[in-house]
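Notes to accompany the following structure.
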Amino acid sequence: MPNSTTIVTIDGPSGVGKSSVSRRVASELMYTYLDTGAMYRAVALYFHRSGIAVDSEKEISPRLGDIEITLFPAATAEDDVGVVLNAEDVSREVRTPEMSMRASTISALPTVRGFLTEMQRKIAQAGKIVAEGRDMGTIVFPQAGNKFFLEADARERCKRRLLQLRQQGRDEDEEKVLTMIEERDKNDMQRAVAPLKKADDAILINTTALSLPDVVKKILGCIRQAR
Ligand code: DC
């Protein structure tokens, strides 16, 4: 495992700003940004297209080996990372609200988590990584030297998600997005394996009233102080 001081983990619920914050922190530190949610989304898309139910572990497990996922940096700092699933660019397809829910459901399966955890640890072998997700600080990189957990009110997270969707040209109903956020939080926090949880040694940051640059500044400050 790489030196724990070169692994930064940023966990938290959906819509809390993890991706934007993690991308910027990684860019400031000149580290690799690892969006693990994108990997769960790619797995969800693969099984959706295969017509296999997201909760059917018996059918899913034997086919995990057929999945190859590559992440690539977005063209601009404002965009999500790109996703290649078995040689096809699915960057847009994985970011729909439907795929968010499917990713949340499929992420409860232990074999899926095992498969992606191994992939994530392999990617991090070179160190210098900012890993973003739900279980980065607790399960995937418990040895990480810098752990953060972001939280924010559900209404605020909904507002941010709506803005993000609008930037992608999608106009969604506010109440529907809020319900989906709350449902996803519940799924992600209540699953038996690797639930969304703050690691004991993670620094908690409530981002409700903070701007994106403020959160990034706070995190970089903590990392520099720890060095
Ligand atoms: O971060 P995101 O919204 O792209 O993640 C999509 C779903 O994937 C999320 O609802 C739960 C799952 N996920 C997970 O279980 N563990 C991770 N480390 C990252 C995402």
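Just so you know, all these numbers are worked out from the coordinates, no wet-lab data involved. If you're wondering where the values come from, they're calculated on a predicted model, not measured in any experiment. Cβ placement follows ideal geometry from the backbone for every residue including glycine, while neighbour counts extend to all protein chains displayed.
Taking 0.36 nm per residue of sequence separation and removing the Cα-Cα distance, the VAL84/MET30 pair yields an extension gain of 17.2 nm. At a Förster distance of 25 Å, what's the computed FRET efficiency of THR96 paired with LEU204, Cβ-Cβ distance as r, to 0.05? Efficiency, from the Cβ-Cβ distance: 0.25. Here the Karplus curve 6.51 cos²θ - 1.76 cosθ + 1.60, taken at θ = phi - 60°, turns the phi angles of segment 111-122 into couplings of 5, 5, 5, x, 4, 6, 4, 4, 4, 5, 5, 5 Hz, with x standing for Gly and Pro. Taking only the Cα atoms of segment 121-227, the ratio Rg/Rh comes out at 1.00, with Rh defined as the Kirkwood radius. A simple rule links phi to the HN-Hα coupling: the Karplus curve 6.51 cos²θ - 1.76 cosθ + 1.60 with θ = phi - 60°, which for segment 60-74 gives 6, 3, x, 9, 4, x, 7, 9, 10, 10, 10, 9, 9, x, 6 Hz, with x for Gly and Pro. Over segment 1-106, all Cα pairs binned in 5 Å intervals from 0 give whole-percent P(r) values of 2, 11, 21, 22, 18, 14, 9, 3, 0, listed from short to long. Annotation: amide H of THR207 within the under-5 Å range of GLU151, ALA152, sequence separation 5 or more or interchain, hydrogens built in the peptide plane. The ellipsoid that matches the Cα gyration tensor of segment 1-41 has semi-axes, each √(5λ) in whole angstrom, of 18, 13, 10, with the longest given first. In order along segment 178-189, phi translates into HN-Hα couplings of 5, 4, 5, 4, 5, 5, 5, 4, 4, 3, 5, 8 Hz, rounded to whole numbers, per the Karplus curve 6.51 cos²θ - 1.76 cosθ + 1.60 with θ = phi - 60° and x for Gly and Pro.
Only helices enter the 222 nm calculation for the chain: every DSSP H run of n ≥ 4 contributes -39,500 (n - 2.57), and dividing by all residues gives -14000 deg cm²/dmol, rounded to 500.
Amide H to amide H distances under 5 Å link ASN146 with ILE7, THR9, where only residues 5 or more positions off or on other chains count and H is placed in the peptide plane. Peptides 193-201, 49-57, 75-83, ordered by how many other C-beta atoms sit within 10 Å of their residues on average, highest first, read 193-201, 75-83, 49-57.
Remark on VAL83: its backbone amide H falls under 5 Å from those of PHE72, VAL90, SER91, a criterion applied only to residues 5 or more positions apart or on other chains, H modelled at 1.01 Å from N. Bridges between two residues of the chain, per DSSP, are antiparallel at a rate of about 25%. For segment 14-54, backbone nitrogen atoms closer than 19 Å to the point 7 Å from LYS128 Cα along Cα-to-C-beta are found at 22-35. Considering all alpha-carbon pairs of the chain, what whole percent are spaced by more than 27 angstrom? Cα-Cα pairs of the chain separated by over 27 Å account for 28 percent. Taking a Cβ cut-off of under 11 Å around PRO110, the surrounding Lys, Arg, Asp and Glu residues balance to a net charge of +1, with basic ones at +1 and acidic ones at -1.
In terms of distances greater than 25 angstrom between alpha carbons, the cross-link table entries LYS122/LYS186; LYS18/LYS58; LYS18/LYS217; LYS18/LYS197; LYS122/LYS159; LYS159/LYS197 yield LYS122/LYS186; LYS18/LYS58; LYS122/LYS159.
Of ASP185, ASP153, ASP11, the residue with the greatest mean-square motion in the GNM of the chain, using alpha carbon springs below 10 Å, is ASP153.
Distance between the C-alpha centres of segment 113-139 and segment 172-219: 18 Å, rounded to the whole angstrom.
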